[in-house]
Amino acid sequence: MSTLYNGIEGVHRMNEIWMFALVALMIVMVPGVDSLLVLKNTLSYGKKAGVFTMIGIVLALVIWTTLAVLGLATIIAKSVVIFLAIKYLGAAYLIYLGIQAWRSKAQNMQLQTVAEPEPGGGRFSNKSFNCLTQGLTTDLLNPKTLLLYVTLMPQFIEPSHSVNMQLIVLATVLIMIAVVWLGIVVFIITIIRKWFLQERIQVIFNKLTAVVLVGIGVKLATEKIS
C-alpha cells in the first residue's frame with residue numbers, strides 16, 4: 001500500500017499528471033491506426049467488432065505497460081535489431097491490412113454484423129477474434145507506442161519515488177483516455193453506419209482505408225524514429 005501511495009504521490013508532487021493526461025489525450029485523438037481500425041471494423045461489422053478492436057488495443061497497452069515495469073521495454077528500445085524488427089513487422093502488417101481492405105468487396109453489412117453470442121454461450125465469433133487480433137497486433141508492432149513508454153512517460157516521473165508505480169499510474173491514465181475516446185468513435189460510427197449500407201459508399205471507403213493503411217505502413221517503414 002505504501003508503494004502505491006508513494007507512486008501516486010510522486011506523480012502528484014511533480015504536479016504534471018494533468019499535463020500528461022493532456023498530452024496523452026492529444027496523442028490518442030490524433031487520427032492514427034488505432035482510430036482507423038476501430039472505425040473500419042465498426043463500419044464493416046458493427047458495434048461489437050469495434051469494441052473487440054478496442055479491447056485488443058487495450059490489451060496491447062497492458063502488455064507494453066508490463067514490459068515497461070519489468071524494464072524490458074527499455075531493453076527492446078535500445079536493441080537496434082529488435083526495434084527494427086518491430087518497426088518493419090508493424091509496417092508490413094499495416095500494408096497487409098491495407099491490401100485486404102483494397103480487395104474487399106461491397107457487402108451486405110446487415111449480414112456481416114458480428115452476432116451477439118447465444119444465451120449461455122461463452123464463445124465469440126471468428127470475426128470478433130480477428131478484430132481483437134488486429135487491435136492487439138497493430139499496437140504491439142507499433143514502435144511509436146514503445147517510444148511513448150520509454151521516452152515520453154519518464155519525463156513525468158519523479159525518480160525519488162516508486163518509478164514503477166508512477167509508470168503504472170501514467171499508463172492507467174493513458175488506457176482510460178484510449179478507452180473513452182475509442183468508445184466515442186464506436187458510438188458515433190454505430191449511429192451513422194446505416195448510411196454506409198450503400199454499395200458505392202462501401203467501395204469508396206474500402207479504397208480510402210486501404211490507401212491510408214498502406215501509406216501509414218510505408219511511412220513507418222521509411223521514416224527515422226528516434
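Within a straight-line Cα-Cα reach of under 24 Å, LYS207 can be paired with the following lysines, leaving aside sequence neighbours fewer than 8 residues apart in one chain: LYS40, LYS47, LYS48, LYS105, LYS127, LYS194, LYS219. In terms of its alpha-carbon gyration tensor, region 125-226 comes out prolate; a/c meets the 1.5 threshold, and the first ratio a/b outweighs b/c.
Can you find, among LEU208, ILE157, VAL179, the residue farthest towards the positive end of the dipole of region 126-212? Put +1 on the C-beta of Lys and Arg, -1 on that of Asp and Glu. So the residue we want is LEU208. Report, in whole Å, the centroid distance computed from the Cα atoms of region 43-83 and region 182-202. Using only Cα atoms, the two centres lie 26 Å from each other.
Sorting check: for 68-81, 157-170, 132-145, which peptide has the highest mean count of neighbouring beta carbons within 10 Å, and how do the rest follow? It would help to have the intermediate numbers written out before the result.
Numbers: 68-81: 14.6, 157-170: 18.7, 132-145: 21.3.
Result, highest mean first: 132-145, 157-170, 68-81.
Couplings 3J(HN,Hα) of region 202-217, computed from phi: 4, 4, 4, 5, 4, 5, 5, 4, 4, 4, 5, 5, 5, x, 5, x Hz, in residue order, whole Hz [Karplus 6.51 cos²θ - 1.76 cosθ + 1.60, θ = phi - 60°; x for Gly and Pro].
Just so you know, all these numbers are worked out from the coordinates, no wet-lab data involved. The structure displayed is predicted, hence computed values, not measured ones. FYI the Cβ positions are ideal-geometry reconstructions off the backbone, even for glycines, and counts take in every protein chain you see.
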